[in-house]
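S.K.: Below are the structure tokens for one structure; questions will follow.
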Amino acid sequence: MNQFLLEIPSTKRLLYTDLRKFIDDKNDYVPSIGIISGLRKTGKTTLLKQIAEDYISCKRIMYLNFRDNVVYSHPDDESLRGCTPEKVILKFLSGGYAKYDLLFLDEITALDNHEVISGNLYDISSGSGPGWRYKVLMTGSSPFHLRSLSSGSLGGGRSKLFRLPVLKFVEYLHIARGVLYDDYSTVTREDFIDYLVLKDLPPAVLGTFDRQYFVDFQRDIDIGDDMACHSRGYAGLDVEDLNDLAHVLAYQLAYRVGYRKFAKANVGKYELGLLGKDRKDFDLSRSLIHVSSENIARMKSDGVHKSIANLLHFLVGSDIVNVETELLSDGDAGLQPMRLLRYIKDLRSEQDFLTFFEKHSISMNSPLLYTRLGNDILSFVDLSLEKFFAILKTHANTLLGGLLEVYLRGGIAELDSLGLPYVSKKLHIRHDVEIDIINTDSSIMCETTVKNKDRNKVHVADYYKERDMLRICTTANLQGVRDCYYMFPWPVFCCMVDTGDVLRLYKTKSSDYLGDSQKKIT
């Protein structure tokens, strides 16, 4: 049983600190159950092992994995030998194992009747006096089912939802380079490019998002459906559809994805023609589309609209993508996250989709999802991902700017999502005025660029003038304050978003600064 704590990495993800604070907080208003949601292979089990190792000298711990049939306890309990995780948790609920302080329930959605059992765990955790009898951390690889759990039987303040994203840039620096989470001021463009291919990290850190990944993901969802009492995931989805659609998204990085491109990708021709050019000159930001015509053609059936609605619902509900709304003025509200999944589910006709994609676009939440999916297209020109980004280090390419916008769009959407689907906004006033990322919940406006932008082309001061906002423009190498907005080298700003340090900046009403050339943020 002690094999559970072998070979635990010493470096920690950012979420580790939040989970430690959750366990140590004795206040009654902090719930007794924490739910860790994340895609497959993002490190949820490793997090549980690291936390268990920290408390093993002072807490009585039980770990149950309902997918892999693992039971571990500390101190070692011989009565648990040969027991299944299901049997152990039921006996715990009946008072048979009341002596434990921490319960780690891995892959909870593989447990039959997990909603009712989770509710019962909360009900008996309060005990008869102040404080909790025990704390629980539970994980799962189906974000849809965990979100349903956190708003259903564990809703209303009975649990706290933690979302573990794909490895972040600052986490890569910490794990691969030993950079401290509060000391990232010297990170460079080259560091970010190395991150895109996870240089110096083993392949197991983040596997390729290939067909097998989606097969396993779909299996997790099916298991969650079978074991759930109430919530149901994405019945009727085909694994190949998930794989095909992810590739369409992955290869549409540089420009907005309209419905006709989204549903009926025109494969080859222009894009593959670009790939035949000199590798130092071609721009993959407009050529990352190579999905077989036969695969995409499978989606052109009588039920195509329902199929695409289900696929969109899956990708958004599983935290794989975010939905970007294009605003035409700073008075537009944009799409509300709370209504997003229902809105997508109600799309029925081609006109519905045309209307939806007129103002909304889909983007992967992390550029790592693009680069993990992008290996195959590079093989057509006998170019590995590592070699391609080595070229990128020495040649200007708009792909890097596209990947930066994808990264910051996903990262800023995560800052204040409150368990809801990830959404982002872009302000597009006219063809030459665009603010790339707006998050009104976190009060952030950001223009993203890998260059030093002419101040006359920076527009974060021109909109939301009477609203307190964090106004930021990324740069190649400039850092400081220009009137009412901040400038940060873009690799540094990525780390600020990752750690949440960006939220410590001073918010401004640009109306207080316009017309006063001497006034600046202090």
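The values are calculated or read from the model by the stated rules, or taken from the named source; none is laboratory data. Please read these numbers as outputs of a predicted model, since none were measured by experiment. Using ideal geometry, Cβ is built from the backbone for each residue, glycine included, and neighbour counts are taken over all protein chains shown.
S.K.: Can you confirm whether S73 is in the same structural domain as L154 (by TED's automatic domain parsing), part of a strand (DSSP E or B) and touching a residue at least 60 places away in the same chain (Cβ under 8 Å)?
M.R.: Yes, satisfied.
S.K.: One residue is enough: does segment 157-170 have a residue meeting the conditions surrounded by 22 or more Cβ atoms within 10 Å (Cβ to Cβ), modelled with pLDDT of 85 or more and in contact with a Pro (Cβ under 8 Å, 6 or more places away or on another chain)?
M.R.: Scanning segment 157-170, I find at least one residue that is surrounded by 22 or more Cβ atoms within 10 Å (Cβ to Cβ), modelled with pLDDT of 85 or more and in contact with a Pro (Cβ under 8 Å, 6 or more places away or on another chain), so the answer is yes.
S.K.: Could you count how many residues in segment 182-192 are buried (at least 20 other Cβ atoms within 10 Å of the Cβ) and either outside any loop (DSSP other than H, G, I, E, B) or in contact with a Lys or Arg (Cβ under 6 Å, 6 or more places away or on another chain) (or both)? Give the steps one after another, and end with the answer.
M.R.: So in segment 182-192, the residues buried (at least 20 other Cβ atoms within 10 Å of the Cβ) come out as 184, 187, 191-192.
With either outside any loop (DSSP other than H, G, I, E, B) or in contact with a Lys or Arg (Cβ under 6 Å, 6 or more places away or on another chain) (or both) added as a condition, the list becomes 191-192.
Count: 2.
S.K.: Say whether the condition of being of a type in the set (D, E), closer than 22 Å to T17 by Cβ and within 30 Å of the chain's Cα centre (by Cα) is met by at least one residue in segment 113-126.
M.R.: No.
S.K.: What are the pairs with Cβ atoms under 7 angstrom where one residue, in segment 158-178, is without any contact (Cβ under 8 Å) to a residue 60 or more places away in the chain and the other, located anywhere, is surrounded by 24 or more Cβ atoms within 10 Å (Cβ to Cβ)? Sequence gap at least six, or different chains.
M.R.: These pairs meet every condition: Y172/Y195.
S.K.: Let me ask another. In segment 133-156, which residues are of a type in the set (S, T, Y), at pLDDT 85 or above and touching a Leu at 6+ places or on another chain (Cβ under 9 Å)?
M.R.: Matches in segment 133-156: Y134, T139, S150, S151.
S.K.: Tell me, please, whether a residue that is among the basic types (K, R), part of a helix (DSSP H, G or I) and assigned by TED's automatic domain parsing to the domain that holds S79 can be found in segment 120-135.
M.R.: Of all residues in segment 120-135, those among the basic types (K, R) come to 133, 135.
Applying the additional criterion that residues be part of a helix (DSSP H, G or I) yields none.
The answer is no, given that none of the residues of segment 120-135 is among the basic types (K, R), part of a helix (DSSP H, G or I) and assigned by TED's automatic domain parsing to the domain that holds S79.
S.K.: Right, next: If I go through segment 1-38 residue by residue, how many of them are in a loop (DSSP other than H, G, I, E, B) and surrounded by fewer than 20 Cβ atoms within 10 Å (Cβ to Cβ)?
M.R.: Matching residues across segment 1-38 total 14.
S.K.: Any residue that is under 17 Å from L368 (Cβ atoms), of a type in the set (A, V, I, L, M), crowded, with 16+ Cβ neighbours inside 10 Å and at pLDDT below 90 - is there at least one of those in segment 197-204?
M.R.: Yes, there is a match, as at least one residue in segment 197-204 is under 17 Å from L368 (Cβ atoms), of a type in the set (A, V, I, L, M), crowded, with 16+ Cβ neighbours inside 10 Å and at pLDDT below 90.
S.K.: If you don't mind, there's one more thing I want to ask. Quick check: anything in segment 472-479 surrounded by 14 or more Cβ atoms within 10 Å (Cβ to Cβ), hydroxyl-bearing (S, T, Y) and free of Cβ contacts under 8 Å to residues at least 60 places away in the same chain?
M.R.: Scanning segment 472-479, I find at least one residue that is surrounded by 14 or more Cβ atoms within 10 Å (Cβ to Cβ), hydroxyl-bearing (S, T, Y) and free of Cβ contacts under 8 Å to residues at least 60 places away in the same chain, so the answer is yes.
S.K.: Could you please let me know if V179 is crowded, with 18+ Cβ neighbours inside 10 Å, modelled with pLDDT of 90 or more and not in a loop (DSSP other than H, G, I, E, B)?
M.R.: Working: crowded, with 18+ Cβ neighbours inside 10 Å: yes; modelled with pLDDT of 90 or more: yes; not in a loop (DSSP other than H, G, I, E, B): no.
No.
S.K.: I've got another one for you. I56 - would you say it is over 23 Å from D216 (Cβ atoms), in contact (Cβ under 8 Å) with a residue 60 or more places away in the chain and either touching a helix residue (DSSP H, G or I) at 6+ places or on another chain (Cβ under 6 Å) or of a type in the set (V, I, T) (or both)?
M.R.: no
S.K.: Test K41 against the stated conditions and say whether it is at positive phi, touching a residue at least 12 places away in the same chain (Cβ under 8 Å) and either touching an Asp or Glu at 6+ places or on another chain (Cβ under 7 Å) or assigned to a loop (DSSP other than H, G, I, E, B) (or both).
M.R.: Criteria met by K41.
S.K.: Exactly one of these conditions fails for V71: (1) crowded, with 19+ Cβ neighbours inside 10 Å; (2) in contact with a Cys (Cβ under 9 Å, 6 or more places away or on another chain); (3) closer than 26 Å to G155 by Cα. Give me its number.
M.R.: With (1) crowded, with 19+ Cβ neighbours inside 10 Å; (2) in contact with a Cys (Cβ under 9 Å, 6 or more places away or on another chain); (3) closer than 26 Å to G155 by Cα applied to V71, the lone miss is (3).
S.K.: Looking at V481, V492, which is the one that is more than 30 Å from L315 (Cβ to Cβ) and in a strand (DSSP E or B)?
M.R.: Only one candidate passes the filter, namely V481.
S.K.: Within segment 103-122, restricting attention to residues that are farther than 12 Å from L64 by Cβ and in contact (Cβ under 8 Å) with a residue 40 or more places away in the chain, which residue is surrounded by the most Cβ atoms within 10 Å (Cβ to Cβ)?
M.R.: T109
S.K.: Of the conditions (1) within 24 Å of L368 (Cβ to Cβ); (2) in a strand (DSSP E or B); (3) aliphatic (A, V, I, L, M), M445 satisfies every one except a single condition; which number is it?
M.R.: It fails just one condition, (1).
S.K.: Oh, and also: Return the pairs, sorted by first residue and then second, in which the second residue is assigned to a loop (DSSP other than H, G, I, E, B), the first residue lies in segment 324-335 and is closer than 18 Å to V460 by Cα, the beta carbons are less than 6 Å apart, and the residues are 6+ apart or on different chains.
M.R.: T325/G334; T325/L335; L327/G334; D330/Y463; D330/Y464
S.K.: Going residue by residue through segment 394-405, is there one that turns out to be part of a strand (DSSP E or B) and modelled with pLDDT under 85?
M.R.: no
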